[in-house]
Amino acid sequence: VEDWTDDEIFRLTRGGHSPRKIYAAYKAAMASDLPTVILAKTVKGYGMGPYGEAANTTHQQKKLDIEGLKYFRDRFAVPISDEQLEKDVPFYRPPEDSDIMRYMRERREALGGYLPSRTTECDTLPAPELDTFKALLQGTGEREISTTMAFVRILSTLLRDKQLKQRIVPIIPDEARTFGMEGLFRQIGIYDPAGQLYEPVDKDLVAYYKESKKGQVLEEGINEAGAMSDWIAAATAYANYGVSMIPFYIFYSMFGFQRIGDLVWAAGDMRCRGFLIGATAGRTTLEGEGLQHDDGHNLLFYDVVPNCLSYDPTFAYEMAVIIRDGLKRMYEDKEDVFYYITAMNENYAHPPMPEGVEEGILKGLYLFRKAEASKDQPTVNLMGSGTIFREAMAAAELLEKDWGVAANLFSVPSFNLLAREGKAVARWNLLHPEDTPKQPYVRQVLEQVDGPYIAATDYIRDLPEKIRAWVPGTYITLGTDGFGRSDTREKLRRHFEVNRYYITLAALKALADEGKVDRAVVKQAMDKYAIDADKTYPLYL
């Protein structure tokens, strides 16, 4: 450039702002068979000149003044007069027959069309009838299983469905055996594009670590971000390829939203369809793994994603109803929603599904068992979700046996959905002041019974607190506020004050506050159940 003039030197642009250089780099990349990275240097505020180009203040600059606008106009030859700029800055669009518009349209057509573009035409997958999961709907009798095992049975059933089995995408980051899913290794195999290149250490087992080019399980190692990316790819296949895939990503719930929350938010933005299964959920249910693993809050995070439906089921039949509903809504009705469902690792017997509760399960609340109370017998209403609902069931027995108090039992598979519907109804009432106010579903159900309401979950109190505005009476919530601990379930539930004894205590205290039992009964219960009044609040430990 020794022969160049000063003007020619100053006309040189940075690579990222030079159409010639960008074109040359792109053309060179297209001619190569190898992946190519183009490094293009640019400056912040390009085109703003002395009014912001390459200045640190550009990040804070919201708009240009008149002189800055005139500079920008002159710099890029935008045909707008001084008078127009000084009155009201117009939106400028080049004429339809201009070289610029013709060029832009030609490029878009060459690239396959305009963006953003979304194709929603995809194949329809029929949801199986609920009776497909009959074994789970009928209960387990005396046999004890976890809701994680209930999920695995549902998944295994779907993998035998002729119309769905090839669309199922099981995704597991490392913990397949923890979740009792090793049976899938033999049934459908682990996908590996190179096949099995080694002899697995468990080769003598029936469910050995079987990798295959035709495998279906995506086993991603300890890589939640990669596994979630797999899930997003499958969950958007209906829009990208017109092929509906059904991804099930199962993971330690603690390593869900709080580890890859930005990807969950992106999944909502991309209108993903599929299932996220937060396994080993509940702050007191995963025993012995401490504050790193004991999850008592991620369930609340998923509710911030508008098109994510979140549930915390207690029983196998609830899990079956929820997953079947998801299959229908996402793959038959083609709704742009996705599901987050918790799954626990505590084994217990599961009852058969009561008649007529399917709608309540999906809406988030139903009467599991009505109290058989005499006319003058004090009555309370115990509510819960996940494994802690079983503590509420045990508390109902203690209340009847030890204190002569009857208890209605309400299962609450989704406090989140109840709160959403409650807020939607409140909004409708606000905007229709001359109409008869509507009542949210949670209030419609709860106002059918008398007495105080006690809600306990394996999550922080903020979860059951979500519905307080619509509970028609005294409402006490119990939760697992504080860091997790490494101990047994029994000790953890006493520590976090969500076991049957604390639920019983809360019920008696609420009745005493309403004048329905003597206040001395509350102190008697504390003595009987060895509840320490001076115990430190778990949140502060």
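The values are calculated or read from the model by the stated rules, or taken from the named source; none is laboratory data. Worth saying up front: this structure is predicted, and the values here are computed from it rather than measured. Cβ sites come from the backbone with ideal geometry, for glycine too, and all protein chains shown count toward neighbours.
The number of residues in segment 143-159 being farther than 19 Å from Ile277 by Cβ and at pLDDT below 95 comes to 0. For segment 1-41, the tally of residues that are within 26 Å of Tyr103 (Cα to Cα) and not in a loop (DSSP other than H, G, I, E, B) stands at 15. Checking each residue in segment 73-94 for being more than 24 Å from Tyr23 (Cα to Cα) and either touching a strand residue (DSSP E or B) at 6+ places or on another chain (Cβ under 6 Å) or surrounded by 10 or more Cβ atoms within 10 Å (Cβ to Cβ) (or both) picks out Arg73, Asp74, Ile80, Ser81, Asp82, Gln84, Leu85, Glu86, Val89, Pro90, Tyr92.
For every residue, the table says whether it meets (1) assigned to a helix (DSSP H, G or I); (2) closer than 24 Å to Trp470 by Cβ.
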residue	(1), (2)
Ile277	no, no
Gly288	no, no
Asp295	no, no
Pro306	no, yes
Lys334	no, no
Pro352	no, no
Ile361	yes, yes
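State whether one or more residues within segment 408-421 are under 28 Å from Gln377 (Cβ atoms), in contact with a strand residue (DSSP E or B) (Cβ under 6 Å, 6 or more places away or on another chain), assigned to a loop (DSSP other than H, G, I, E, B) and not charged (D, E, K, R). Yes, that holds for at least one residue. Within segment 168-189, the only residue that satisfies the criterion of being surrounded by fewer than 22 Cβ atoms within 10 Å (Cβ to Cβ), outside any loop (DSSP other than H, G, I, E, B) and out of contact with any helix residue (DSSP H, G or I) (no Cβ under 8 Å at 6 or more places or on another chain) is Arg186. The set of residues in segment 107-134 that are modelled with pLDDT under 95 and of a type in the set (Gly, Ala, Ser) comprises Ala110, Gly112, Gly113, Ser117. The single condition among (1) assigned to a helix (DSSP H, G or I); (2) among the acidic types (Asp, Glu); (3) surrounded by 10 or more Cβ atoms within 10 Å (Cβ to Cβ) that Glu53 does not satisfy is (1). Quick check: is even one residue across segment 387-404 touching a residue at least 24 places away in the same chain (Cβ under 8 Å) and farther than 30 Å from Glu287 by Cα? Yes; the residues of segment 387-404 include at least one that is touching a residue at least 24 places away in the same chain (Cβ under 8 Å) and farther than 30 Å from Glu287 by Cα. Filtering segment 363-407 to residues that are over 28 Å from Ile277 (Cβ atoms), part of a loop (DSSP other than H, G, I, E, B) and not small (Gly, Ala, Ser) leaves Lys370, Glu372, Lys375, Asp376, Gln377, Pro378, Val405. In segment 129-137 there is at least one residue that is among the acidic types (Asp, Glu), exposed (fewer than 12 other Cβ atoms within 10 Å of the Cβ) and not in a helix (DSSP H, G or I).
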